[in-house]
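Chemist: After the structure tokens below, expect a handful of questions from me.
The values are calculated or read from the model by the stated rules, or taken from the named source; none is laboratory data. The model shown is predicted, which means the values in this text are computed figures rather than measured ones. Glycine gets a Cβ as well: all are built from the backbone with ideal geometry, and neighbour counts include every protein chain shown. In case anyone asks, the SASA skips ligands and DNA or RNA and just uses the protein heavy atoms, side chains included. Shrake-Rupley method; radii C 1.70, N 1.55, O 1.52, S 1.80 Å.
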Protein chains: 2
Amino acid sequence: MQAENPKTESPDINVLVIGAGGVGVITTVALTRANKCNVHLVIRSDYKIVKERGYDINSCDYGHLVNWKPNYFYNNITNACASNIFFDYIVVTTKNIPDGPKEVTVPAIISPLVQSNYGLDPNKNMNIVLIQNGIDIEKEIFTRFNDPKLKLSVLSGIQLIGSSRIAPGVINQVGQDQLSIGSFKSSDKVANNAAQKFVEIYENPNINHVEFDPRVRFSRWKKLLYNSVLSTISTVVDLDTSHCFTLSSKEFDTEKTLFRPAMHEIIDIAQSENIIIDEQIIEFFINGSKTMDYKPSMCLDKEKNQLMELEVTLGNPLKIAKKNGINTPILNLVYTLLYLEQSKIKQKKDSL
Amino acid sequence: MQAENPKTESPDINVLVIGAGGVGVITTVALTRANKCNVHLVIRSDYKIVKERGYDINSCDYGHLVNWKPNYFYNNITNACASNIFFDYIVVTTKNIPDGPKEVTVPAIISPLVQSNYGLDPNKNMNIVLIQNGIDIEKEIFTRFNDPKLKLSVLSGIQLIGSSRIAPGVINQVGQDQLSIGSFKSSDKVANNAAQKFVEIYENPNINHVEFDPRVRFSRWKKLLYNSVLSTISTVVDLDTSHCFTLSSKEFDTEKTLFRPAMHEIIDIAQSENIIIDEQIIEFFINGSKTMDYKPSMCLDKEKNQLMELEVTLGNPLKIAKKNGINTPILNLVYTLLYLEQSKIKQKKDSL
């Protein structure tokens with residue numbers, strides 16, 4: 001694929017972003033604006049429209065961008081590999097559905113890129129950056145690519161961003177991009193350096209916020225208070241988070257009956273892993289969600305009959321709870337209900 | 001309203017059925033076929049179509065009935081009152097939604113009939129027969145009509161019947177009609193006699209099954225094992241009961257995680273009222289539901305954005321649990337979720 005919008009300078013870092021949804025596109029914009037690397041984007045369904053007229057992006061961080069195109073973009077992974085470029089960072093912003101079709105699990109998606117990178121330069125380090133929710137998402141990457149000669153680091157990106165693809169080629173970002181990035185292996189110096197380098201190439205001062213995250217697992221557990229509880233329960237009832245509060249029974253108040261005790265279950269599981277989450281963070285998420293007319297992406301996935309990130313946000317925490325003997329009655333129940341919903345979505349997809 | 005299909009004999013018992021859904025119409029057919037009373041039906045939305053061409057009824061009990069009309073029928077309660085007939089039995093088969101609009105609660109619906117009956121003959125006994133699900137549904141009737149001079153008995157009808165209105169004027173009955181009827185006040189001889197009389201006028205030997213129920217409250221608690229658990233949980237996930245089993249996670253099995261423990265909570269609440277339910281009945285309902293591709297009516301109500309019988313089947317049992325200090329974690333959670341769904345339906349109705 002030819003460069004659509006080639007850069008005049010040619011920095012020596014190449015970043016490939018996979019997944020052109022609300023998160024992936026703003027990630028691409030941030031890297032492009034910072035202008036410290038070549039940015040490449042894999043665009044699957046919107047490729048044609050973006051090639052023709054670029055993105056229409058309404059961003060609280062970057063303003064209204066019209067006909068915006070990334071430096072380089074590809075309609076699939078095969079063509080990204082065919083560029084014969086070594087990608088220093090392979091940034092994955094797709095949904096993470098380990099229980100979905102085998103060919104679109106994260107290891108399956110990145111496998112050709114890892115091979116291509118290795119073929120191009122077996123001496124260079126490469127970094128897989130997972131800007132995705134959930135816990136234990138790095139495990140399947142380490143398992144699949146456990147050969148040290150690959151020189152592969154896996155980095156964790158946690159992004160707080162209210163950004164959605166609202167139509168083909170149209171992105172709407174309503175919350176400031178706040179990214180924390182670190183190494184899944186906290187003792188891995190090479191990976192830590194790579195994460196710190198990413199902070200440099202990602203930062204747009206006074207616009208976005210990016211920081212090095214020395215405690216990746218702690219941050220992920222913290223965010224699970226939202227993803228495993230507010231996202232999942234609002235998905236069961238198909239409501240934005242604020243209506244989960246306002247439409248609630250007084251006697252059986254959603255906050256007291258569901259949200260708070262379920263968040264305490266997450267805190268308990270984390271504690272069984274020696275990760276101590278301050279209960280004040282419950283207040284942060286509760287207060288934030290009370291006023292937000294915002295449907296979590298899991299909720300939108302269910303509405304659109306698309307597979308949900310159930311395993312990484314709820315299934316994996318419950319596996320840890322089981323292993324460590326932590327009692328999680330509410331999360332068990334929410335998982336049981338959403339598992340039925342997920343099976344229903346799979347069944348509908350199979351019958352298409 | 002003139003008789004559409006007058007009977008040649010004129011028995012001295014008049015029965016008015018309110019609610020022309022799957023239950024009400026088959027109830028009307030049963031009474032008509034037994035031929036021991038005059039049968040009257042209030043038909044709201046299907047009145048015009050039934051007047052023109054009658055019902056199309058596919059019944060496992062009565063065969064295929066075409067152009068079938070009740071002896072007498074009315075398009076509303078006002079016209080039933082205007083008939084100047086004393087109704088010995090006022091059979092209510094509508095949905096019971098005490099949290100719905102005030103004008104369609106059961107006491108509001110029957111009030112003009114109670115007054116009209118009393119005006120026609122203050123010396124005669126009248127019977128309100130509630131063929132409806134749930135517990136404590138008689139309380140609002142006794143509260144509203146607590147004047148002994150009305151000579152009003154309240155009878156309980158519990159019907160097992162797989163019957164639905166599948167289109168305007170079209171009824172499909174797939175399960176044999178099994179009705180048990182008794183007095184909510186078990187010591188009330190007049191009411192018990194009236195219930196036994198109803199058995200006589202309802203029975204179609206070798207076709208339907210009707211019996212006198214001396215332990216109304218016990219029977220209602222028993223049926224709650226289905227209504228409070230299988231109906232409600234399948235409604236949360238919008239699935240027929242059999243798919244709640246087959247689409248389930250193995251680790252978090254719907255039967256073990258939800259259905260059985262929730263049924264035990266019902267048994268515990270009943271026990272706090274000195275009503276002992278044999279645990280074998282759990283097996284009966286579990287086994288029956290496993291193989292039934294049947295969506296409970298609550299599930300269909302949610303699909304159609306119609307108010308659900310949430311209070312009588314789940315809200316009232318939970319009030320008793322609270323009063324008696326019974327722990328019901330799963331039912332609390334299911335109630336909290338369905339309350340949100342009910343509020344959503346109310347909100348949509350208000351915005352129409």
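Chemist: What is the diffusion coefficient of the range B:287-346 in µm²/s, taking the Kirkwood radius over Cα pairs and the Stokes-Einstein relation at 25 °C with a viscosity of 0.890 mPa s?
Modeler: Values: Rh = 12.8 Å.
D, rounded to a whole number, is 192 µm²/s.
Chemist: Express in nm, to one decimal, how much length is gained between residue A:186 and residue A:84 on full extension, taking 0.36 nm for each residue of separation and deducting their alpha carbon distance.
Modeler: On the way: separation 102, 0.36 × 102 = 36.72 nm, distance 3.13 nm.
Additional length available on full extension: 33.6 nm.
Chemist: Could you compute how fast chain A diffuses translationally, taking Rh as the Kirkwood radius over C-alpha pairs and applying Stokes-Einstein at 25 °C with viscosity 0.890 mPa s? Give it in µm² per second.
Modeler: Values: Rh = 20.9 Å.
Rounded to a whole number, D works out at 117 µm²/s.
Chemist: Can you classify the range B:68-169 as rounded, prolate or oblate using the Cα gyration tensor, where a ≥ b ≥ c are the square roots of its eigenvalues, rounded means a/c under 1.5, and otherwise it's prolate if a/b beats b/c and oblate if not? Working shown, then result.
Modeler: Numbers: a/c = 1.67, a/b = 1.18, b/c = 1.41.
Verdict is oblate for the range B:68-169.
Chemist: Here is a further query. When Lys and Arg each count +1 and Asp and Glu each count -1, what net charge do the other residues less than 14 Å away from residue B:173, Cβ to Cβ, add up to? Intermediate results must be reported in sequence, preceding the final value.
Modeler: Values: positive: B:33, B:165; negative: B:56, B:61, B:177.
Summing Lys/Arg as +1 and Asp/Glu as -1 gives -1.
Chemist: May I pose another question? Looking only at the protein assembly as shown, where both bridge partners belong to it, what percent of the DSSP beta bridges are antiparallel (to the nearest 5)?
Modeler: Working: 28 of 88 bridges.
That works out to approximately 30 percent antiparallel.
Chemist: Moving on to the next point. State in Å² the accessible area per residue of the protein assembly as shown; use a 1.4 Å probe, count heavy atoms of protein chains only, and round to the nearest integer. Spell out each step's value before the answer.
Modeler: Details: 29510 Å² over 704 residues.
Each residue of the protein assembly as shown exposes 42 Å² on average to a 1.4 Å probe.
Chemist: In angstroms, what radius of gyration and Dmax does the protein assembly as shown have, counting Cα atoms only?
Modeler: 31.6, 102
Chemist: Let me ask something else. Using a loss threshold of 40 Å², tell me which positions in the range A:227-247 are less accessible in the complex than in their chain alone. Probe radius 1.4 Å, ligands and nucleic acids ignored.
Modeler: Residues passing the criterion (a loss of at least 40 Å², heavy atoms only) are A:236, A:237, A:247.
Chemist: Another question, then. Given a Förster distance of 35 angstrom, what is the FRET efficiency for residue A:292 paired with residue B:324, based on the Cβ-Cβ distance and rounded to 0.05? Walk me through the intermediate numbers first.
Modeler: Details: r = 39 Å, r/R0 = 1.11.
Given R0 = 35 Å and the Cβ-Cβ separation, E is 0.35.
Chemist: Hey, which lysines would be in cross-link range of residue A:139, C-alpha to C-alpha under 20 Å, not counting anything within fewer than 8 residues on its own chain?
Modeler: Within reach: A:95, A:102, A:149, A:151, A:185, A:189, A:222, A:223, A:319, A:322, A:323.
Chemist: Give the aspartates and glutamates reachable from residue A:51 as a straight Cα distance under 20 Å; neighbours fewer than 8 places away on the same chain don't count.
Modeler: A:4
Chemist: For the pair residue B:147 and residue A:246, how long in nm is the line joining their label points, each one 7 Å along Cα→Cβ?
Modeler: Simple spin-label model gives 4.4 nm for this pair.
Chemist: Which residues in the range A:210-241 place their backbone N less than 12 Å from a point set 7 Å from the Cα of residue A:178 along the Cα-to-Cβ direction?
Modeler: Under 12 Å, as judged by backbone N against the label point of residue A:178, lie A:210-211, A:223 of the range A:210-241.
Chemist: 7 Å along Cα→Cβ for the label point: how many nanometres lie between residue B:84 and each equivalent label in the other copies, listed shortest first?
Modeler: With the label placed 7 Å along Cα→Cβ, residue B:84 yields 10.2 nm.
Chemist: Inter-copy label distances at residue B:53, 7 Å along the Cα→beta-carbon direction, one decimal in nm, shortest first?
Modeler: 4.9
Chemist: Here is a follow-up. Nearest 100 Å² is fine: what is the total accessible surface buried where chains B and A meet, probe 1.4 Å? Don't skip to the answer; put the middle values down first.
Modeler: Details: alone 16120 and 16110 Å², together 29510 Å².
Interface area, both chains combined: 2700 Å², rounded to the nearest 100.
Chemist: If you don't mind, there's one more thing I want to ask. Please compute the Kirkwood hydrodynamic radius over the range B:14-214, one decimal place, Å, based on all pairs of different Cα atoms. Could the numbers behind the result be given before it?
Modeler: Values: mean 1/r = 0.0593 Å⁻¹.
Result for the range B:14-214 stands at 16.9 Å.
Chemist: If you roll a 1.4 Å probe over the range A:219-350 with all protein chains in place, what percent of the accessible area is carbon or sulfur? Show your work: numbers first, answer last.
Modeler: Details: 2500 of 5100 Å².
Roughly 49 percent of what the probe reaches on the range A:219-350 is carbon or sulfur.
Chemist: Write down Rg/Rh for the range B:171-255, rounded to two decimals, with Rg from the C-alpha atoms and Rh from the Kirkwood relation over Cα pairs. Write out the running numbers ahead of the final one.
Modeler: Values: Rg = 17.8 Å, Rh = 15.7 Å.
In the range B:171-255, Rg relative to Rh is 1.14.
Chemist: A follow-up question, please. Count charges around residue B:95 for me, please; just the other residues with Cβ under 10 Å from its Cβ, Lys/Arg as +1, Asp/Glu as -1.
Modeler: The answer is -2.
Chemist: Which of the peptides B:214-224, A:306-316 is most tightly packed, and how do the rest follow, going by the mean number of other Cβ atoms within 10 Å of each residue? Intermediate results must be reported in sequence, preceding the final value.
Modeler: Working: B:214-224: 19.7, A:306-316: 23.8.
Going from most to least packed, we get A:306-316, B:214-224.
Chemist: I'm a student and want to see the number: the projected area of the Cα convex hull of the range B:218-350, averaged over all directions, in nm². Write out the running numbers ahead of the final one.
Modeler: On the way: hull surface 31.4 nm².
For the range B:218-350, the mean projected area of the Cα convex hull comes to 7.8 nm².
Chemist: How long, wide and thick is the range B:167-207, going by the Cα atoms along their three principal axes, in whole angstroms, largest first?
Modeler: Sorted largest first, the three principal extents are 41, 24, 15 Å.
Chemist: May I ask for the distance between the Cα centers of the range B:89-159 and the range A:226-243, given as a whole number of Å?
Modeler: Their Cα centres are 40 Å away from one another.
Chemist: Using a 7 Å offset from Cα along the direction of the beta-carbon, what are the separations from residue B:149 to the same position in each other copy, nm, ascending?
Modeler: Label-point distances to the other copies, shortest first: 10.2 nm.
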